[in-house]
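Below: the structure, in C-alpha cells.
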Amino acid sequence: MRLYTFTITPNNRKVEAFVRHYGLPVEVHHVSFKDRETHTPEYLAINPMGRVPALVDGDFRLWESNAILAYLATVFPQTRALPTDARGRADVDRWLHWQSCHLTPAMAALKAAEERDTSTLEPLLGILDEQLQGREYLLGSLTVVDFAIAAYLMTKLGRQLDYSATPRLAAWLARMGELEGFAATRVKGPAHGA
Ligand SMILES: N[C@@H](CCC(=O)N[C@@H](CS)C(=O)NCC(=O)O)C(=O)O
C-alpha cells in the first residue's frame, strides 16, 4: 500500500498522522510539487484531480482524504478508529462531511479575507466544544474524525485562533498534538499549511 502525500497541508497531514499513529504498513511517498509530480500522466492515472493525498492498494486507487481515512480504518480494524454499527458509522460520516462542507470553507474564507472576521468560524468552534463535553475525543474514543478535524485546527491559521471561549476544544487540540502521529508530522516554520 502506498500513500502519496505532502505533509504540510491538513488534508495530507490527517492521513499521514493516522498512518504514523497506528504504525500502519503503508509506504509514505512525499510528492514533489516543484517537479510537478502530481501532474505527470502516471500520477493523473492515480488521481485525475492531480492532487494529494492518494492511496494505491494493489489495483485500487483512492483519493479524497476522508475516504482514505475511512478505508484505512476499515482495512486495519485493529485501529478501532471507525465504528461498524450503522449509527456509529453515520456519526463518523456526519463529522467528516461537516469538516469538508463547513469547517474547511470557513477556514479558507478567513484565510482569504483581508479582515479577520471570525463570525462564521466561531459558532463551529462552539459546536466542537459542546461535542467534547464529557468526551475525551470527539466521538468518545479516538476515531478518524479526530484526525480529520484536528489537522485543520493545527494549521498556522488554526493555531492563531482564540480558543479562550472553547476550553474543551483547546484541551482536546493539545491532546491531539501530543499523539504520536501528529508529533511525527509536525512541520516547523512559516511553510506550515493552512
Ligand atoms: N478534498 C480533497 C482536497 C485535496 C487537495 O486539494 N489537495 C491539495 C493539498 S491540501 C493539493 O494537492 N493541491 C495541489 C494542487 O492543487 O495542485 C481531499 O480532502 O483530499
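List of remarks:
- Taken residue by residue, region 146-165 has at least one member that is modelled with pLDDT of 95 or more, hydroxyl-bearing (S, T, Y) and farther than 18 Å from Q99 by Cβ.
- When F147 is tested against (1) touching a helix residue (DSSP H, G or I) at 6+ places or on another chain (Cβ under 6 Å); (2) more than 24 Å from R80 (Cα to Cα); (3) in a helix (DSSP H, G or I), just one condition goes unmet, and that condition is (2).
- Criterion: within 15 Å of the ligand (Cβ to nearest atom) and either surrounded by 18 or more Cβ atoms within 10 Å (Cβ to Cβ) or under 16 Å from T143 (Cβ atoms) (or both) - qualifying residue of L24, L3: L3
- The single condition among (1) part of a loop (DSSP other than H, G, I, E, B); (2) away from the ligand (no atom under 16 Å from the Cβ); (3) more than 22 Å from E180 (Cα to Cα) that P48 does not meet is (2).
- Residues that are of a type in the set (D, E, K, R) and closer than 20 Å to I8 by Cα, drawn from region 45-65: R51, E64
- Failed criterion for L69 (all others in (1) more than 16 Å from the ligand (Cβ to nearest atom); (2) within 18 Å of T185 (Cβ to Cβ); (3) among the aliphatic types (A, V, I, L, M) hold): (1)
A quick yes/no check of all residues on (1) more than 12 Å from the ligand (Cβ to nearest atom); (2) at pLDDT below 95; (3) of a type in the set (S, T, Y):
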site	(1), (2), (3)
Y43	no, no, yes
G58	yes, no, no
T74	yes, no, yes
R80	yes, no, no
P83	yes, no, no
D91	yes, no, no
H97	no, no, no
R116	yes, yes, no
L125	yes, no, no
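- Cβ-Cβ under 6 Å pairs, at least 6 apart or on other chains, region 46-74 side over 14 Å from V28 (Cα atoms), far side within 12 Å of the ligand (Cβ to nearest atom) and aromatic (F, W, Y): N47/W63
The values are calculated or read from the model by the stated rules, or taken from the named source; none is laboratory data. Computed from a prediction, not measured in an experiment: that's the story for all the values here. All Cβ positions, even for glycine, are placed from backbone atoms using ideal geometry, and neighbour counts span all protein chains on display.
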